[in-house]
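Quick notes on the structure that follows.
The values are calculated or read from the model by the stated rules, or taken from the named source; none is laboratory data. Values in this document were obtained by computation on a predicted structure and should not be read as measured data. All Cβ positions, glycine included, derive from the backbone under ideal geometry; neighbour counts span all protein chains shown.
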Amino acid sequence: MPDLNGTKALIVGVANEHSIAWGCAKALKAAGAEIALTFVNEKTRKWVDPLAEEIGARIYMPMDVTQPEQVAAVFAEIDAKWGRLDTLLHSIAFAPAADLHGRVVDCSVEGWTQAMDVSVHSFLRLIKAAEPLMEDGGACMTVSYLGADRAVKNYNMMGPVKAALEASVRYAAAELGPKGITVNALSPGPLKTRAASGLTAFDELLEKAAAQAPTHHLSTIEDVGAFCAFLASPQARNVTGGVHLIDGGYAVVG
């Protein structure tokens, strides 16, 4: 386990105990990091409240990334209480159901714009807000999927969206590297999360991944959390701009 004692981490995207972001929050906490946690709205809060209590989140606030004032309030609180930030995890994505379940070529302008804003540009906005708090370097991470690189059945418009996210990782890594800030994407295999439940025939995708992966095991949020903790550690300060597969080898054979 990496030693993250004394470090400060902001985790964005916990929806419930099955969230990838929750697996990362647990791993960072176990390694010694102090955690700031956000929830997107009051509907989600009832699921996140007990998790924030369990992890002892010193900062726990609402943050809808489409609301600039909420983003500003979270980073102002981090600055006031901690004066710095060492790790940022962005684990959020959204597409309107009508667009997500249709063909990519039929996607509406409004749906495309909303998906890109919430799933991609919000990561860049959070990095920009975190940058002044990472004077001594830091680690910024987001979550992608194999559908960014391949046309995965039923992943539909989220494929191009995640491809844009991965390109953003590379450019941000190049721009922030001189400041000692790393930028990476975690790319697990299919997981049973709230977000993934919106995909058509998702159970079929899970079965295929487990059958074809060399390890014959699905990814877990704990697997992702362990890699997140490594990337947040000093040992990973020279690892940046990557899309890191955490999928039991499925990507090399699937």
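Below is a table of values for the structure above.
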| quantity | calculated |
| --- | --- |
| Given (1) touching a Leu at 6+ places or on another chain (Cβ under 7 Å); (2) in a loop (DSSP other than H, G, I, E, B); (3) closer than 27 Å to Ala232 by Cβ, number of the condition Ile92 does not satisfy | (1) |
| Residue that is nearest to Pro132 (Cα to Cα) [pool: residues in the stretch 52-87 that are among the polar types (S, T, N, Q) and touching a residue at least 40 places away in the same chain (Cβ under 8 Å)] | Thr87 |
| Evaluation of Ala130 against (1) surrounded by 15 or more Cβ atoms within 10 Å (Cβ to Cβ); (2) under 22 Å from the mean Cα position of the chain (by Cα); (3) under 20 Å from Ala148 (Cβ atoms) (one fails), failing number | (3) |
| Residue in the stretch 91-111 that is in contact (Cβ under 8 Å) with a residue 60 or more places away in the chain and over 20 Å from Pro160 (Cα atoms) present | no |
| Met157 being surrounded by 23 or more Cβ atoms within 10 Å (Cβ to Cβ) and more than 17 Å from the chain's Cα centre (by Cα) | yes |
| Selection count, the stretch 108-155, where residues are closer than 22 Å to Ala97 by Cα and among the aliphatic types (A, V, I, L, M) | 10 |
| Any hit, the stretch 124-132, residues being under 23 Å from Gly248 (Cα atoms), in contact with a strand residue (DSSP E or B) (Cβ under 6 Å, 6 or more places away or on another chain) and outside any loop (DSSP other than H, G, I, E, B) | no |
| All positions within the stretch 101-115 that are under 19 Å from the mean Cα position of the chain (by Cα) and surrounded by 18 or more Cβ atoms within 10 Å (Cβ to Cβ) | Ala115 |
| Pick from the stretch 208-241, criterion in contact (Cβ under 8 Å) with a residue 60 or more places away in the chain and assigned to a loop (DSSP other than H, G, I, E, B), ranking: farthest from Ala27 (Cα to Cα) | Gly241 |
| Strands (runs of 3 or more DSSP E) contained in the stretch 1-74 and holding at least 2 residues crowded, with 23+ Cβ neighbours inside 10 Å | 8-12, 34-39 |
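Here's the yes/no breakdown for (1) modelled with pLDDT of 95 or more; (2) farther than 22 Å from Ala15 by Cβ; (3) not β-branched (Val, Ile, Thr):
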| position | (1), (2), (3) |
| --- | --- |
| Ala148 | no, no, yes |
| Lys162 | yes, no, yes |
| Ala173 | yes, yes, yes |
| Leu176 | yes, yes, yes |
| Arg194 | no, no, yes |
| Gly198 | no, no, yes |
